[in-house]
Every structure is written in structure tokens, then in C-alpha cells.
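A short worksheet on the structure shown next.
Just so you know, all these numbers are worked out from the coordinates, no wet-lab data involved. In this text the structure is predicted, and so the values were computed from the model without any measurement. When we count neighbours, we look across all protein chains shown, and the Cβ atoms used for this are built from the backbone with ideal geometry, even at glycine.
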Amino acid sequence: MKISSLELNNFRNYDKLLINLDDDLTVLFGNNGQGKTNIVEAIYLCATGKSHRTSKESELLKFGSNEFDVFLRFEKDNYQREIDFKWNVENKKQITVNEIPIAKMGELIGLLNVVMFAPEDMAIVKEGPANRRRFIDIAYSQIKPQYFYYLQVYSRILKHRNVLLKQISTTKKKNDTLDIWNQNLVDIGSKIIYERIRFTKHISELVCKWHNFLSEDNETLKMAYKGSFKALEENSLDEIKQMFLDKLEENYRSELSAQLTITGPHRDDFVFALNENELRHFGSQGQQRTAVLALKLAEVDVMKNETGETPILLLDDVFSELDQKRQKLLLHSIKGIQTVITCTTKSVVRVNKSKSSFFEVKNGEICGIIN
């Protein structure tokens, strides 16, 4: 899988931009606030249908414009493909793949696989469970689009069930349809839990390997699944369903009091332990950054193993807080992966220039190409 070119029109601070990406390494350098991150954001948008920085597509529109357009060409399975993402001020979005409009976001997920490391990703290890669930869900949805469908269905069922719990709590009368919603929640929610447990096991082994490499075997990082009830890898899908149903019945009074569902994959967490201590509470800034890097490199491996295609790696401002030794280790680890790096100075990225392209970015324009 390789991206050949990216074209932007009225996107963020760009009027127009056409950039051809190197098959190996593309380095975007320049001062902060010039538009380097906007380029990797546009690539991420085409792959996932979402920005990694905002949930509001209106914020992606260049000031004073009515519509933005992101057009990306890439090769997959030896075929040339195109993704065109348009949005206008009337909040109308149109995404086409090879000039054919897609009806659902699930048709986009998994076409172009990307792994991004950005400063915002520190929230995966530093902040609450929602950030870790989001990482798992985006990563695994690219590998298995069916999982993305599970998430969408579960979200709709959860909203209906929460409304019903509030009605029952307010009227003090049990609604006969609650059992039906319980079963629906269990059926789809158990599939999400089952998939997450297996994905966590796969990626955790690779996280440990990559962290050993980046820390030069000085520290051990482990990742574990932590659900709202104790489902394990050895449990079958039917066993998880029964455990889920039992937990709903056990928590019925508590859920009525809270007027919301307190059991299910929407309450899952994933714990990172560094040398047996929880990374979130006991890890330094440098240790946490190294852990997230290991996680992202492990994600690349999982995607390659599961899909047979190497994803695109996007490294946004990753070098600013790494010492030279870890910078060198990271550059060694991305060989053979098409990578886009943003940084403030080109001297930070010490690589063989014959296998890379350097672009200077100034105020929404590519001002120079250095090979």
C-alpha cells in the first residue's frame, strides 16, 4: 500500500496544494503553525473519515471558503485507487472512492490503512478510558470493517436502552421491552468484547517487543484488557453473552438509580503497566511517549499481519521530545514503511536522502523540495 499524491483545496490554511509523496520517507519541515500537521490530518481524514484533532468538519474549512476538497491517490493490491472527500458550509459531505459515492462510512474504513502518532495520542496513556477505547476502535475497524459496524449498532442500542431506563426510573413501572433491549445489547456488545480481547492479546505481545527495542531492554511494558465484567481470552462468545446478561441483571437496581447502562464495552478499559506499575500514574513523560510509540509500531505490525498490506505511518512532531538515541532507533524501525514525518528542522531526521524527500512548509505552501 502506497500513497502517491495528495491534493488539498481550501483545507485548513491551504488554498491549493499538490504534493507527491516519496515511496519511503516524506519529511515536512518548517516552523510551527505553517501547515505541516494539516497535511497528515488530510491523509488521516481520507483513511478514517475523521480528523484526529476535531470532531467539527467546519473547522477544516479555510476561512472565507464555502467548500473544502481533499483528493488522495494510492495503490493497493497493485491497483490505483482514489479517495475524494468534500464538505461544504451547508454541512453536506460527499466521499467518493474511484468516483463512486459511498453511502456509509463503513464503506471507507479499511480501504486505506494508516497509523498516526500525534501529540494528541499521549492521551491514550495519560487520560481516561475513552481515549484508549477510541484507539482500539479506530485501529481494529481498519483491520476488520465488520467491527466498525458492531460499534455503530451497539451505540444505537445503548441510546435506546438508556432512554428506557430513564422512563422506568421516572414512572416506577417496568417496561416489558427492556428484556428485548437487554438481549440486543448483549448480542452485539459481546461480539465487541470478544474481538477486543483477541485484538488486545495480539497487539500486547508486539507492544512488549517494540518497547523492549526502543528502551534497549531496560524496561518492560505490558498491555491488558479490563472489562466491566471478567471476560477472558479462553471464554467463548456464548459464555461472554451469558456473563454479560448476568451482569445486567445484577446491576439492574444500580442502573435504574443512575438512569444509564453501567455494564458493557462502552465501559471497557485497557491498562498499560511499565515494570508492573500502571503507566498512567507512575510513568514519566518520556516513558509515556516511548510507550505510545511502541503501541503505534505494534499497530503497524498487527495491520500488516491481519491484512497482508503495510499501512502508511504518519509521525506528527514525534522527534521534538526524543533524545538522539531514540530518534535513531525509531528511524531504524520504520524501514520498509511509507512514512510521513513532520518536524521543525530537517536536520532532526538523519536518513539517507536518496530514499527520502524533504519539503519545507511555509504559511500553507510548499516552498522548496530538497532531495
What ranking of Glu219, Glu99 emerges when the number of other C-beta atoms within 10 Å of each C-beta is taken as an exposure proxy, fewest first? Glu99, Glu219
Output row, site Asp217, 7 Å Cα→C-beta label point, backbone N cut-off 20 Å, window the stretch 322-345, residues 325-330, 332-333
Positive-end residue of Leu18, Thr344, Phe63, charge dipole of the chain with Cβ unit charges: Phe63
At what distance in angstrom do the alpha carbon centres of the stretch 37-97 and the stretch 216-261 lie from each other? 36
Taking a threshold of 20 Å on the Cα-Cα distance, which of the pairs Lys50/Lys104; Lys209/Lys325; Lys93/Lys304; Lys93/Lys144 fall above it? Lys93/Lys304; Lys93/Lys144
What are the ³J(HN,Hα) values, in whole Hz, obtained from phi via the Karplus relation 6.51 cos²θ - 1.76 cosθ + 1.60 with θ = phi - 60°, for each residue of the stretch 4-15 in sequence order, with x given for Gly and Pro? 9, 8, 9, 10, 10, 9, 6, 10, 6, 9, 9, 6
Cα centre as origin, Lys/Arg/Asp/Glu Cβ charges: the chain dipole, Debye: 620
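Just flag the chymotrypsin sites (Phe, Trp or Tyr not before Pro) in the stretch 55-158 sitting in loop per DSSP whose Cβ has no more than 14 other Cβ atoms within 10 Å. Mind showing how you got there, number by number?
Numbers: sites: Phe63, Phe68, Phe71, Phe74, Tyr79, Phe85, Trp87, Phe117, Phe135, Tyr140, Tyr147, Phe148, Tyr149, Tyr150, Tyr154; in loops: Phe63.
Here the sparse-neighbourhood loop sites are Phe63.
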Over all directions, the stretch 121-308 yields a Cα convex hull whose mean projected area in nm² is 11.2
Using modelled backbone amide H atoms (1.01 Å from N, in-plane), which distant-in-sequence or interchain residues come within less than 5 Å of Phe117's amide H? Leu314, Leu315, Asp316
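Hey, what did the stretch 121-308 get for relative contact order, percent, Cα under 8 Å, at least 6 apart?
32
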Restricting the calculation to Cα positions, tell me the Rg (one decimal) and the Dmax (whole number) of the stretch 70-114 in Å. 11.1, 37
Please give the peptides 251-259, 300-308 ranked by average Cβ packing (other Cβ atoms within 10 Å per residue), highest first, as a rough proxy for protection. 300-308, 251-259
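List the relative contact order of the chain as a percent without decimals, with contacts defined as Cα pairs under 8 Å and 6+ residues apart.
On the way: 637 pairs, mean separation 95.1, N = 371.
It rounds to 26 percent for the chain.
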Cα-Cα pairs above 34 Å in the chain: how many percent? 33
By how many nm would the segment from Phe282 to Lys362 lengthen if fully extended, with 0.36 nm per residue of separation less the alpha-carbon distance? 24.9 nm
Under Karplus coefficients 6.51, -1.76 and 1.60, residue-wise ³J(HN,Hα) of the stretch 257-267 in Hz, glycine/proline x: 5, 7, 6, 7, 7, 10, 10, x, x, 6, 10
Please identify, among Ile43, Ile83, Ile100, the residue showing maximal mean-square fluctuation in a Gaussian network model of the chain using a 10 angstrom Cα cutoff. Ile100
On the formula 1/(1 + (r/R0)^6), with r taken between the Cβ atoms of Ser236 and Tyr149 and R0 of 25 Å, the FRET efficiency rounded to 0.05 is 0.70
Using +1 at the C-beta of Lys and Arg and -1 at the C-beta of Asp and Glu, which of Thr290, Ile143, Gln183 has the Cα lying farthest in the positive direction of the dipole of the stretch 121-308? Gln183
Each label point is 7 Å from the Cα along the Cα-to-Cβ direction; what then is the distance between the points at Gln167 and Asp15, in nm? 5.6
Order of His160, His266 from fewest to most other C-beta atoms within 10 Å? His160, His266
Across Lys36/Lys86; Lys86/Lys191; Lys201/Lys335; Lys62/Lys328; Lys92/Lys172, pairs whose alpha-carbon gap is larger than 31 Å: Lys86/Lys191; Lys62/Lys328; Lys92/Lys172
Tell me which residues come under 5 Å, amide H to amide H, from Phe11 once H is placed; ignore anything under 5 positions away on its chain. Lys62, Asp69
For a label point 7 angstrom out from the Cα of Glu321 toward its Cβ, which stretches of the stretch 127-141 have the backbone nitrogen within less than 16 Å? 127-128
Exposure proxy ranking, count of Cβ atoms within 10 Å, fewest first, for Asp187, Asp268: Asp187, Asp268
